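Since the structure comes first, as structure tokens, the remarks are kept for the end.
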Amino acid sequence: MLQEPTLLPLLLATPTLLLLVLALVGFAVRYQHSKLRQQQEVAQLQEAAQQQALAAALVAQEDERQRIAGELHDGVGTILALAKLHLYAPGTTPAPEASRLIDQAVAEVRRISRNLQPATLQQLGLAQALRALVQAVPTDGSLEVRLESDAPLGRFIPPHELMVYRISQELLANGLRHAQARHITLRVQPGPGILTLIYTDDGQGFDPAALEELPPPGPHGQTVGMGLINLRSRVAVLGGQLKYHTEPGRGTRVEAVLPVTLLPASQNSPSYSLNS
């Protein structure tokens with residue numbers, strides 16, 4: 001007569017199998033968490049490397065601006081001044097048109113040099129530099145450009161002042177190129193550790209979906225200085241935020257929230273470089 005199989009071995013094996021399954025599940029969960037953490041660390045390292053490369057590209061751009069500004073002032077400006085001296089040399093009869101053209105060339109060289117290396121920024125600070133920037137905007141009477149500030153601006157460390165100035169330049173340049181507006185306003189709102197730039201115009205606006213097609217900020221794959229890409233890159237270097245509010249036919253509002261650091265009171269003559 002055959003014995004009926006006992007259930008005892010099966011009952012004894014069940015907890016062991018259950019523990020084995022739980023151990024496998026726990027291992028799978030820990031593995032997924034570890035893999036996700038590694039992916040996040042890699043992404044953070046890639047982002048940090050991208051920001052460092054971007055900052056290096058902008059430093060190189062500023063160094064090149066300073067070099068070109070110096071060559072324009074010391075080289076081309078001096079040559080034009082000597083040309084005018086020869087034009088009015090004793091015994092010569094200068095043509096009025098030639099003198100006028102030389103004066104125009106001198107003024108243009110000075111304008112370009114100021115844009116490349118804003119002396120007002122270093123000498124008088126960001127508030128005066130932004131005021132001079134707005135006042136220098138060429139208008140034909142059909143465009144009004146205003147600068148507004150909610151409170152007096154202090155002096156920030158040179159890299160931050162310079163970057164805020166360049167962002168303001170880019171905002172105004174984009175508006176002048178593309179907005180076809182009658183009124184442009186740049187508002188400056190200082191706060192503790194934060195400076196907010198708010199650009200508004202009543203121009204033609206644009207489709208915000210077009211921004212999604214732009215490449216991310218970075219030194220590769222696009223030309224530094226290309227409008228919105230350059231603007232996004234500069235804001236990214238400061239670790240700020242950039243927001244657009246616009247639609248076709250309804251104007252544009254751009255808000256840049258920028259972390260900034262006040263200049264130490266002991267530093268009276270800052271050196272203007274992104275390397276500072």
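The numbers here are math on the coordinates, done by the rules we state, and not lab data. Keep in mind it's a predicted model, so treat the numbers as computed, not measured. Virtual Cβ from ideal backbone geometry, glycine too; neighbours counted across all protein chains shown.
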Exercise. Name the long-range amide H neighbours of Leu263: under 5 Å, sequence gap of 5 or more, or other chain; modelled H, no Pro or chain starts.
Key: Arg155, Phe156, Ile157
Quiz item: What ranking do 122-130, 188-196 get when scored by the average of other Cβ atoms within 10 Å per residue, highest first?
Solution: 122-130, 188-196
Exercise. Using a 10 Å cut-off on Cβ atoms, rank the peptides 135-148, 236-249 from the highest mean neighbour count down.
Key: 236-249, 135-148
Quiz prompt | Residues whose placed amide H lies under 5 Å from that of Ser149, excluding near-sequence neighbours | solution = Val188
Practice problem: Indicate the gyration tensor shape class of region 151-195 (rounded, prolate or oblate), computed on the Cα atoms with a ≥ b ≥ c the square roots of the eigenvalues: a/c under 1.5 is rounded; otherwise a/b larger than b/c is prolate and the rest oblate. | Solution: oblate
Quiz item: Measuring from label point to label point, each 7 Å out along Cα→Cβ, what is the Arg187 to Thr16 span in nm?
Solution: 7.5 nm
Exercise. May I ask you to evaluate 6.51 cos²θ - 1.76 cosθ + 1.60, the Karplus curve with θ = phi - 60°, for each residue of region 96-103 and list the ³J(HN,Hα) values in order in whole Hz, giving x for glycine and proline?
Key: x, 5, 5, 5, 5, 5, 5, 4
Self-check item: Stretch gain in nm, segment Leu101-Arg67, where the contour uses 0.36 nm per residue and the Cα spacing is subtracted
Solution: 9.7 nm
Practice problem: Could you run the Karplus curve 6.51 cos²θ - 1.76 cosθ + 1.60 with θ = phi - 60° over region 239-255 and give me ³J(HN,Hα) per residue in whole Hz, x for Gly and Pro? | Solution: x, x, 10, 10, 10, 10, 10, 7, 7, x, x, 10, x, 9, 10, 10, 10
Self-check item: Cβ-derived FRET efficiency at R0 35 Å, Arg177 paired with Gln123, nearest 0.05
Solution: 0.75
Practice problem: Using 0.36 nm per residue of separation minus the Cα-Cα distance, give me the extension gain between Ala81 and Arg131 in nm, one decimal. | Solution: 15.1 nm
Quiz item: What shape does region 96-218 take by its C-alpha gyration tensor, where a ≥ b ≥ c are the square roots of the eigenvalues and a/c under 1.5 counts as rounded, a/b above b/c as prolate, and the rest as oblate?
Solution: oblate
Exercise. Return, for the Cα atoms of region 120-176, the radius of gyration and Dmax in Å, separated by a comma.
Key: 11.9, 37
Practice problem: Could you pull out every residue, at least 5 positions away or on a different chain, whose amide H is within less than 5 Å of the one on Glu144? Hs are placed 1.01 Å off N in the peptide plane, and Pro or chain starts have none. | Solution: His183, Ile184
